[in-house]
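The values are calculated or read from the model by the stated rules, or taken from the named source; none is laboratory data. Quick caveat, the model's predicted, so the values are computed rather than measured. FYI the Cβ positions are ideal-geometry reconstructions off the backbone, even for glycines, and counts take in every protein chain you see.
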Amino acid sequence: MHIKTITSQPYSDQKPGTSGLRKKVRVFQQPHYLENFVQSIFNCLDDIEGQTLVLGGDGRYYNKTAIQIIIKMAAAAGFKRLLVGQNGLLSTPAVSILIRKYQTLGGIILSASHNPGGPDDDFGIKYNTRNGGPAPETITDHIYDISCSLTEYKIAELPDTDLERCGITCVEGLEIEVIDPVTDYAELMEHLFDFNSIKSLFGSGHFSICFDAMHAITGPYAIEILEHRLGAIAGSVINASPLEDFGGHHPDPNLAHATELVTKMNGCKAPDLGAASDGDGDRNMVLGPNFFITPSDSLAVIAANAHLLPGYPNGLSGVARSMPTSMAVDRVAERLGIVSYETPTGWKFFGNLLDTGRITICGEESFGTGSDHTREKDGLWAVLFWLNLIAIKQKSVETIMLEHWQQYGRNFYCRYDYEGVDKTAAESIMQDLRKNSAELAGTRYGNYLIMTCDDFRYTDPVDNSVSEHQGIRILFDNGARIVLRLSGTGTVGATLRLYFEQYEYDPQKHKLDTPEILQPLIEIAREITQLEKKLGRDQPSVIT
Ligand code: G16
């Protein structure tokens, strides 16, 4: 195999964020930009020779170009075998499952997740390690350090690989296997859930689902599993073909962006379950007719009921949530007598807890839930969980949620996002809060007394690594919380996120509107931070 060494120049902006390197497509199209980052990943790994790499992406614009480049660079780096998704497609949870099943060295995922796609929008690249999970900060920091001084990369002179047909091609000692993206994933789901009882649910003729794949990667997975294997009627999966620009939409499964689904679920003759997934298939949203389940509540319901499902016969060893995620799952953990870990935002922080068996289920407010079956959050898995639960309980989404609140109380919750704001202004809001945190403690705002204000710091209980500045928490004496942090996934300016939470035990209040309950906290945040004046915005860009 002829390998060329190409001289390039280092880039100084290749620091991975919350989940890999995400930039505008045009940034990735700069000379040698993608190649430099990929070479930095390979240089960070010291045992490539003879190993296998999984490779695939969510099909967004630039996926096709990037995947051919990476195949040739992986060949030059010494990999012996590449497992590549047909047409370059693999969902993020599927990559994680493949890495684990075939014990590969790791995988590369081409995706900017829920960010929009197209020539003027976002692309991304992420490395997952041997355990199937996103590379931890020690590795991403190392990759970044390498990228800052990288001046050459290696690429094999090979023809482009035909990714349209599944099968094995051998090129001078390198085996490239193009695999069906869905098969291994679907097989694992059959093992975790009771497909027969879900089939009976659909077969009863009294139950329907609408799954919005948002023109992203989950379309083929949802069609195969929901329609073909479980018998949901044809057309239950909408926007099922992955498109390079996601049909011009923002593939983010929330009330603001999954508008087609939301309209259906709020209309007459709404399906019994509504669900959506994001660009790369790791996020999910679950809805009942006219009824929204917050991701934090979904996590709590999943934790409370996991023992009922075939995949979790021994119950849970523990649970984990990211710090801004509501504390609903903590109440379930308390009742079950297990630990609930509080980690920084980012799925990578769950990796060590899962690997050491400390937790079985974990999740985040950002529409992510998952279990120890993989090391990524898994959108379709969460939807199958709800389906299986409905089949067992023979109750509606709304009834399951109301009964859960009756037992545990309700954590009212919402998130405000100020997207694409001035970075310096956003950082100074965070800085000012840090400076004033001691004075804020003890301050009263109406019925709300601030107990503490701190900057979240996490010590990983497995490797003792410390992650600082993971978000500011304002904690009140009645258990309410306001959290502020800067997003690590945006590509324009900064995105400031505010999270509001208030617990309510009284069942009489469980049906009240979230904005009504949380308004006092929202006003307090405005007063303390003056953020709308400082950011020049009179309202958030998105409320979820
Ligand atoms: C990624 C991470 C998640 C994180 C989310 C939002 O999700 O995997 O752990 O919660 O970003 O992060 P931020 O608040 O920093 O924007 P995804 O679905 O984008 O890969």
request  = For residues that are part of a strand (DSSP E or B) and within 15 Å of the ligand (Cβ to nearest atom), scanning just the range 474-496, find the one that is surrounded by the most Cβ atoms within 10 Å (Cβ to Cβ).
outcome  = Leu496
request  = Look through Ser396, Ser366 and report the one residue that is outside the structural domain of Glu516 (by TED's automatic domain parsing) and surrounded by fewer than 17 Cβ atoms within 10 Å (Cβ to Cβ).
outcome  = Ser396
message = Could you go through the range 429-446 and let me know if any residue there is touching an Asp or Glu at 6+ places or on another chain (Cβ under 9 Å) and crowded, with 23+ Cβ neighbours inside 10 Å.
response = no
task = Please go through the range 323-365 and pick out each residue that is within 16 Å of the ligand (Cβ to nearest atom), touching a helix residue (DSSP H, G or I) at 6+ places or on another chain (Cβ under 7 Å) and polar (S, T, N, Q).
result = Thr325, Ser326, Thr343
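Would you check if Asn115 is within 16 Å of the ligand (Cβ to nearest atom), farther than 30 Å from Leu243 by Cβ, outside any strand (DSSP E or B) and under 28 Å from the mean Cα position of the chain (by Cα)?
Taking the combined requirement at face value, the residue does not satisfy it.
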message = Name the residue that is farthest from the chain's Cα centre (by Cα), counting only residues in the range 40-59 that are buried (at least 21 other Cβ atoms within 10 Å of the Cβ) and either among the small types (Gly, Ala, Ser) or over 19 Å from Thr104 (Cβ atoms) (or both).
response = Ser40
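Here's a check for you: in the range 20-37, which residue that is in contact with a helix residue (DSSP H, G or I) (Cβ under 7 Å, 6 or more places away or on another chain) and within 18 Å of Pro136 (Cβ to Cβ) is nearest to the ligand (Cβ to nearest atom)?
The extreme case among them is Leu21.
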task = Would you mind telling me which numbered condition in (1) in contact with a Phe, Trp or Tyr (Cβ under 8 Å, 6 or more places away or on another chain); (2) modelled with pLDDT of 95 or more; (3) of a type outside the set (Lys, Arg) Gly311 fails?
result = (2)
request  = Scan Ile108, Ile139, Ile67 and give me the residue that is within 16 Å of the ligand (Cβ to nearest atom), under 23 Å from the mean Cα position of the chain (by Cα) and under 19 Å from Ile176 (Cα atoms).
outcome  = Ile108
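Determine which member of the set Phe211, Phe202 is of a type in the set (Phe, Trp, Tyr) and surrounded by fewer than 22 Cβ atoms within 10 Å (Cβ to Cβ).
From the options Phe211, Phe202, the qualifying one is Phe202.
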request  = Within the range 441-486, track down each residue that is among the polar types (S, T, N, Q) and either touching a strand residue (DSSP E or B) at 6+ places or on another chain (Cβ under 6 Å) or under 17 Å from Thr18 (Cβ atoms) (or both).
outcome  = Thr443, Thr452, Thr459, Ser465, Ser467, Gln470
query = of a type outside the set (S, T, N, Q) and touching a helix residue (DSSP H, G or I) at 6+ places or on another chain (Cβ under 6 Å), is that true of Leu496?
reply = yes
key: When residues of the range 517-533 are limited to those that are among the charged types (D, E, K, R) and at pLDDT below 90, the one nearest to the ligand (Cβ to nearest atom)   = Glu532
